[in-house]
Amino acid sequence: MKTSLNEILRRIKWLAVPYLLILCICLLIKITYTREEIYFAVNGINNPYADFLAPFVTDLGNGWTAVALAAILVLFSYRKAFIVASGFAVTSITAQIIKYLFDAPRPKLYFKDQLSRIHFVKGVDILSLHSFPSGHTVTAFMLAVLFTYWSKNKAWGLVFLLIACLVGYSRMYLSEHFFEDVTAGSVLGVILTVIWLYWLDNKKFIQAPKWQRGLLN
């Protein structure tokens, strides 16, 4: 049976509704404060505990996390594993294309004359180019949408949204991205995943009984 776009949005409303509220707040912040003000406000709030945790949080948006989750899902559902893997491919490739089109500097390069003001987390490799958008944030929100869609208890969408937001914040905390990069990454992650899910999950082949099985069943 074909799944409508409205049905997909209904299934992820526990994520989508609060996300829209957060997005509105982000846009308000963006038009109220400058890039520099937002960056140093985030960068100025730091402590050793956050320095320790941020690299682990940011890795939740790493491409290898998506690959690992797809590998685990193969054990239970070929369909879900394929959707995660292909969703990651579509969203990450799109993000990379945009990165190279904009070729935007990251904070380390953008503020090269103010490096003494910046708090860097020791042991983290700080990049200089291709800042816009944040690929980790794209991946985090892609996974959040998919796992909310599949959850029996849709309230888990709030948890997945929180995790995705923390990944985005960690990208700013680690001075890998700007506020705009993270915000755009979240929008790309949500919109592209919904579109891809609508297109792919309505294909006949992926609804076949054999695609519902996994290696363990």
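No value in this document is a laboratory result; all are computed from the given coordinates. Remember, predicted model here, so these are calculated numbers, not experimental data. Quick reminder, even Gly has a Cβ in these numbers, built from the backbone with ideal geometry, and neighbours come from all protein chains shown.
Listed residues A16, A50; which is touching a helix residue (DSSP H, G or I) at 6+ places or on another chain (Cβ under 8 Å), under 21 Å from M142 (Cβ atoms) and either in a helix (DSSP H, G or I) or without any contact (Cβ under 8 Å) to a residue 60 or more places away in the chain (or both)? It is A16. Take L158 and decide whether it is over 17 Å from A66 (Cβ atoms) and either free of Cβ contacts under 8 Å to residues at least 60 places away in the same chain or in contact with an Asp or Glu (Cβ under 7 Å, 6 or more places away or on another chain) (or both). No.
Restricting to region 67-87, name every residue that is hydroxyl-bearing (S, T, Y) and within 15 Å of W199 (Cα to Cα).
Scanning region 67-87 gives a single hit, S86.
Only helices (runs of 4 or more DSSP H) whose full extent lies in region 143-217 are considered here, and the ones with at least 2 residues that are under 30 Å from N46 (Cβ atoms) are 156-173, 179-200. Quick one: would you say V124 is assigned to a helix (DSSP H, G or I) and under 19 Å from N43 (Cα atoms)? Considered against the rule, which asks whether it is assigned to a helix (DSSP H, G or I) and under 19 Å from N43 (Cα atoms), V124 comes out as no. A single member of I25, I93 is closer than 26 Å to K203 by Cβ and surrounded by fewer than 17 Cβ atoms within 10 Å (Cβ to Cβ), and it is I93.
Of all residues in region 19-41, those satisfying the criterion of being without any contact (Cβ under 8 Å) to a residue 12 or more places away in the chain and aliphatic (A, V, I, L, M) are L20, L21, I25, L28, I31, A41. Return yes or no: is Y173 surrounded by 15 or more Cβ atoms within 10 Å (Cβ to Cβ), out of contact with any helix residue (DSSP H, G or I) (no Cβ under 7 Å at 6 or more places or on another chain) and of a type in the set (S, T, Y)? No, not satisfied.
State yes or no: is D181 without any contact (Cβ under 8 Å) to a residue 12 or more places away in the chain and farther than 22 Å from S77 by Cβ? When the stated conditions are applied, D181 does not pass them. Just to be sure, is R171 in contact (Cβ under 8 Å) with a residue 12 or more places away in the chain, under 30 Å from L53 (Cβ atoms) and among the basic types (K, R)? Against the criterion (in contact (Cβ under 8 Å) with a residue 12 or more places away in the chain, under 30 Å from L53 (Cβ atoms) and among the basic types (K, R)), R171 qualifies. Checked against the criteria, N62 does not count as over 20 Å from the mean Cα position of the chain (by Cα) and among the polar types (S, T, N, Q). Scanning region 43-66 for residues that are among the β-branched types (V, I, T) and either surrounded by fewer than 17 Cβ atoms within 10 Å (Cβ to Cβ) or more than 13 Å from V121 (Cβ to Cβ) (or both) yields a count of 2.
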